[in-house]
Amino acid sequence: MPELVDLEAVREVLDIEVAGRGIEHVSITHPIAVRCRSHQFFREHVEGRRIEAVGRRGKFLFISLDDRTVIVINPMLAGRVQLCAKTARPRKSTCLQLTLDDGREVRYFDERQMGKIYLALDGDFSDIPQLNDLGPDALSPDLTKEGFIARMKRFRAPIKSVLTNQRCLAGIGNAYADEILFEAGISPLRRRASLSPEDLDRLYEAMLRVFRTALEEVRRRLGRDIHIEHREFMKVHRRDATTCQRCGNRLTVIGGRSRPTVFCRRCQPRSLASYRSEFPITERCIYLNHASTSPLPKRSLEAINAFFSSRQESGEQRDDQHFNALRETRSLLARLIEGDHRRLALTFNTSTGLNIVAQGLDLRGGDNVVVGEREFPANVYPWLHLRRKGVEVRLVPMPGGRLEVDTIREAIDRRTRIVAASLVQFSSGYRLDVAALAGLCHDQDIWLAIDGMQAGGAIAFEPDREGIDFFACAGAKWLMSPQGTAFLYCSAAGLAAIEPAYIGWLSVAGSEDFEHLLDFTRPLHDDARRLEVGSLPYHDFYGMRASVDLLLEVGIERIEEARLSLTDPLIAYLERRGFGIRGSTERARRSGIVAFEQTDAPDLARRLARRGIYLSAREGAIRVAPHFYNTPVEIEHLIAALDEEARDGPS
Ligand SMILES: [Zn+2]
């Protein structure tokens, strides 16, 4: 649909080409477009007159004649102005032809027949619908930044609707609004009122840049064929644009095909507060228990329900669809940790992942494994189970719930084959200095397995970069996914070293080809899928796919930032009031969990729950675990409640 840039370029050409020319003949072929007292009236006022100038305001084009009569064209969705020889065959959808005295014609054609042509006499535009309601022209040099911001502030709606509202600014349509918002890095879904002064500032600058570039591009391409619309240079609103030029993420398309909104969820993030609508629980209580389980986001529940509905209605398994969903889940998880999806296996829980490692590595009698003594049991039993093979398990002390690299160094020796540690301790929230531990392990040729249960989804973490061999993490906590979803990520060397203890029909290459299921000579998958064995709970992974997609959309760095700024005031309060904080208050050693000692921890947790604040008690401590969608106000409520509880004591 022609927008101000398209029309401005058309206007420039027409103004040069036809100003000064006489109109010899008028032909109206599709009468509906010409809104005038009568066609006779239109012809009488136009035939024999000379064109003085061609102007534009917003998405209206003006052809001014020498007697103050103006032909006003509102091309709406599909109208086009054409300049051609009068001998050229008219298109079927041509509505109006103005034959000039130089043998050429200005034509208006419209595939949709929705555009309108009016006649304004004596400079009187009062009868022309919509024209008098237009805001200032978005391309006008008179539109200053202050003027732009003042205009914006008069309208309340999602920002894209404001930009395309012709009463606010004239000329911006669906395509250019998408381009401007992409350029500004602002989500089209954000409400205008949620934009900061800096956001509006950025929006104005982005608008100028988009217009400047687009005008140059359109001018360069236009030539004399002014009826052809040029959009090839657009960054997001191009027909063949599927991935973001800036970040490589898949572009999101919402809305109908005739008026799609295209944007990049990563480069144009929504405000964190806007995500609260994904979590209905926020309407009822303050949920700070993500270290136990996350509430399931709305979109994930919808994905799971859609799976079951389809299963109920069609009965059959849509295996191709399901395999594809698993593939996408692996890719999304790999993106979350900046890893390689071919080294990521989907599993059921952290325990499964760690068992694949414990049983898959060639560990023998006399070898030893080093583990912290206060690790979560999921990261202890898989190793203890190796005792039956004569493998020694060395449990190292963890004073204050902290696993320190120095303690591990003291425990390892020549026969140490693997160190297994949580990136974030479940009871203290202490974040391991994993780079130092990886350095230590690599120097001595020791495998490093990380229990990522309290880290994945909460912490920006790249196992490959840190030199981790195995990273096992489940979905139900910070990844906001259903129980029964998890993954194991392996280094290249780690994956090669694992001899799978279990093999099944999905472990082998070509297993998705149901025509040749009985070919038992197939080799194992050359990627981590060989660890997946058999059918997975598809419905759960549909949920996980939606949840991880949500986390990627928010951005893991933003999640981490939000978490730190949420817990800063809590830590300050706890320090002020002399609570014994577990783990560490040092930023680099902090995680999603803030834990503080409390003799009656389970009781205090119950009392807080009665006040609508949900958190957990673990190992003599209260564990507070907010996620990105929690708010500073919720933390203030918690602090006030802790204060009151401290004053009143157990009831
Ligand atoms: Zn992007």
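The values are calculated or read from the model by the stated rules, or taken from the named source; none is laboratory data. As the structure is a computational prediction, the values presented were derived from the model and not from experiment. FYI the Cβ positions are ideal-geometry reconstructions off the backbone, even for glycines, and counts take in every protein chain you see. Side chains are part of the model used for accessible areas, which takes the heavy atoms of the whole protein and leaves out ligands, DNA and RNA. Shrake-Rupley method; radii C 1.70, N 1.55, O 1.52, S 1.80 Å.
Going by alpha carbons, how many degrees (0 to 90, nearest 10) lie between the helix axis of 298-314 and the longest principal axis of the chain?
It is inclined by approximately 90 degrees.
Please list 295-305, 497-507 highest first by mean number of surrounding beta-carbon atoms within 10 Å per residue.
Values: 295-305: 18.7, 497-507: 14.7.
Result, highest mean Cβ count within 10 Å first: 295-305, 497-507.
Quote to one decimal, in nm, the extra length available between E575 and V393 on full extension: 0.36 nm per residue of separation minus the C-alpha distance between them.
61.8 nm
Give the separation of the Cα centroids, region 199-229 to region 444-505, in Å.
47
Please grab the % of Cα pairs in region 556-648 that end up more than 15 Å from each other.
The answer is 58 percent, as a whole percent.
What percentage of the solvent-accessible surface of the chain, computed with a 1.4 Å probe over protein heavy atoms, is contributed by carbon and sulfur atoms?
Carbon-and-sulfur percentage of accessible area, whole number: 48.
Which of the peptides 26-38, 241-253, 1-13 is most tightly packed, and how do the rest follow, judged by the mean count of other Cβ atoms within 10 Å per residue?
1-13, 26-38, 241-253
Quick check: Cα centre of region 532-594 to Cα centre of region 144-176, how many Å?
First find each Cα centre; the distance between them is then 37 Å.
Starting from the Cα of A436, step 7 Å toward the Cβ, then list every residue of region 401-422 with an amide N under 19 Å from that point.
Counting backbone N atoms under 19 Å from the label point, the list is 401-413, 419-422.
Quick check: the angle from helix 319-336's long axis to the longest principal axis of the chain, C-alpha only, nearest 10 degrees?
Its long axis makes an angle of about 80 degrees.
When ranked by the protection proxy of mean other Cβ atoms within 10 Å per residue, highest first, what sequence do the peptides 403-416, 451-464 form?
The packing order, highest mean first, is 451-464, 403-416.
Using R₀ = 22 Å, calculate the FRET efficiency as 1/(1 + (r/R₀)^6) where r is the Cβ-Cβ separation of H637 and D600; round to 0.05.
So the FRET efficiency works out to roughly 0.60.
Tell me the mean residue ellipticity at 222 nm calculated for the chain from its helices only (DSSP H runs of n ≥ 4, each -39500 (n - 2.57), averaged over every residue, nearest 500).
-10500 deg cm²/dmol
If you plug each phi of region 420-426 into the Karplus form 6.51 cos²θ - 1.76 cosθ + 1.60 with θ = phi - 60°, what whole-Hz ³J(HN,Hα) values come out, in order, with x for Gly and Pro?
Rounded to whole hertz, the list is 10, 9, 7, 5, 10, 6, 5.
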